[in-house]
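Taking it in order: structure first as structure tokens, then the write-up.
The values are calculated or read from the model by the stated rules, or taken from the named source; none is laboratory data. Please read these numbers as outputs of a predicted model, since none were measured by experiment. Don't worry about glycine lacking a Cβ; one is built from the backbone with ideal geometry, like all the others, and counts go over all protein chains shown. Surface areas here come from the heavy atoms of the whole protein model, side chains and all, with no ligands, DNA or RNA. Shrake-Rupley method; radii C 1.70, N 1.55, O 1.52, S 1.80 Å.
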Amino acid sequence: QVQLVESGGGLVQAGDSLRLACAASGRSISTHAMAWFRQAPGKEREVVAAISSSGTGTYHADSVNGRFIISRDNAKNTVYLQMNILKPEDTAIYYCAASSIFRGATMTGEYWGQGTQVTVSS
């Protein structure tokens, strides 16, 4: 079992930056692909970014490409999402997920965190 805990969310203004972290426990995530999802009110959950187990493969949704960067530190059992030039439409609950397979845009999660709220004011 893998337990995931997200942190780093908050209330910021448009144009600001945030870095989310997803700390894993229970077992190493070095063999898992990892992803960040988000769900805004009234919308379906969507993949924001994903990274392969080694970190050599990444995916970023078109809506965040060039602004968000996913990374991982397997030694710390942690995955990050650096979010720059935040926009009000980035407001959502952000979830971290682990999967045995890297699927990029079609990532699914086998293990999920509880989510962290990101709110961007205009």
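Over all other residues within a Cβ to Cβ distance under 11 Å of GLN39, the charged ones net out to +1, with Lys and Arg as +1 and Asp and Glu as -1. Suppose R0 equals 30 Å; then what is the FRET efficiency for THR31 and ASP62 from their Cβ-Cβ distance, rounded to the nearest 0.05? Using R0 = 30 Å, I get an efficiency of 0.60.
Among GLY26, ALA14, SER63, whose Cα sits farthest toward the positive end of the charge dipole of the chain (+1 at Cβ of Lys/Arg, -1 at Cβ of Asp/Glu, about the Cα centre)? The residue sitting farthest along the positive end of the dipole is GLY26.
This model, with +1 at the C-beta of Lys and Arg and -1 at the C-beta of Asp and Glu, gives the chain a dipole about its Cα centre of some 180 debye.
Measuring how big the range 1-71 is from its alpha-carbon positions, Rg and Dmax come out at 13.2, 37 Å. The residues of the range 24-122 expose on average 47 square angstrom of accessible surface per residue, using a 1.4 Å probe on protein heavy atoms.
Within the shell defined by Cβ-Cβ distances under 13 Å, the residues around MET107 carry a net charge of +1, with Lys and Arg each +1 and Asp and Glu each -1.
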